[in-house]
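Working notes, structure below.
None of the figures in this text is laboratory data; all of them are computed from the coordinates on show. Keep in mind it's a predicted model, so treat the numbers as computed, not measured. Cβ placement follows ideal geometry from the backbone for every residue including glycine, while neighbour counts extend to all protein chains displayed.
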Amino acid sequence: MNIAIFELEPWEEKYLRGKLDSSIVLKTFDHPLKEENMEEIKDVEGLVVFIYSNVTKEIIDRLPNLKFIATMSTGFDHIDLEACKTRNIVISNVAGYGEITVAEHTFALLLALSHRIIESNARVKEGYFSPENLTGFDLAGKTLGVLGVGSIGRHVIEIANGFRMNVIG
């Protein structure tokens, strides 16, 4: 089986080569899928990409042996699903990828805003240490609207409950 993998870190390639059967031919790239790669991967049966590789109908049409596409992400909006459906190409994703990380990052940003961390940091770098006009606010008691209560949204809600916020999902 021939597989092309894009947006691969060197350590990931080393790991994969150590784990996969020698009958699997890997063509690895550290950058997103590009038109200029098409000649190198024209015979692949499998394609593995990350979010910066746009797998368009045109690209799919140029890969006559393609049987599956795996994205190393939760979302698959960078893959032409209709073109895959027409060709019976199987698509897989990593459903739980980053769900806790993204939820925690949401709160890192909320805390940076509510406690004026960015402005405070800038002042300190300038050598000005006054707290004047840097009063923030607590998240407790505030209402948070969560658009989409899938895996990530549910984790955001759990964290918001820990902050004693009111949540609307």
Among 56, 117, 24, the residue whose Cα sits farthest towards the positive end of the charge dipole of the chain, when +1 is placed on the Cβ of each Lys and Arg and -1 on the Cβ of each Asp and Glu, is 117
Percent relative contact order for the chain, counting Cα pairs under 8 Å at least six residues apart, stands at 15
Under the Karplus relation with 6.51, -1.76 and 1.60 and θ = phi - 60°, whole-Hz ³J(HN,Hα) for the stretch 39-44, x at Gly and Pro, equal 5, 5, 10, 4, 9, 5
Once the mean of 1/r over all distinct C-alpha pairs in the stretch 44-83 is inverted, the Kirkwood radius in Å reads 10.2
Listed by chain and number, the residues whose amide H is under 5 Å from that of residue 5, excluding neighbours fewer than 5 places away on the same chain and using placed H, are 27, 28, 29, 48
Taking a ≥ b ≥ c as the square roots of the eigenvalues of the Cα gyration tensor, with a/c under 1.5 meaning rounded and otherwise prolate when a/b exceeds b/c and oblate if not, the stretch 23-90 is rounded
FRET efficiency for residue 130 and residue 9 from the Cβ-Cβ distance with R0 = 30 Å, rounded to 0.05, comes out at 0.10
Treating only Lys and Arg (+1) and Asp and Glu (-1) as charged, each at its beta carbon, one finds that the chain has a dipole about its Cα centre, in Debye to the nearest 20, of 460
Counting only residues 5 or more apart in sequence or on a different chain, those whose built amide H sits under 5 Å from that of residue 167 are 144
So for R0 = 25 Å, FRET eff. of residue 154-residue 52 from the Cβ-Cβ r, to 0.05, ends up at 0.40
The size of the Cβ-based charge dipole (Lys, Arg +1; Asp, Glu -1) of the stretch 56-98 about the Cα centre, to the nearest 20 debye, is 180
Candidates for Cα extents along the principal axes in Å are (i) 64, 39, 31; (ii) 42, 39, 36; (iii) 43, 36, 33, and the calculated one carries label (i)
For the chain, the longest principal axis of the Cα atoms and the Cα long axis of helix 151-162 enclose an angle in degrees, to the nearest 10, of 20
At the level of C-alpha centres, the distance separating the stretch 21-52 and the stretch 103-149, in angstrom, is 42
Amide H contacts under 5 Å for residue 136, restricted to residues at least 5 apart in sequence or on another chain and with H modeled in the peptide plane, are none
Note, the stretch 80-88: 3J(HN,Hα) by Karplus (6.51, -1.76, 1.60, θ = phi - 60°), whole Hz, Gly/Pro = x, goes 6, 5, 5, 5, 5, 4, 4, 9, 6
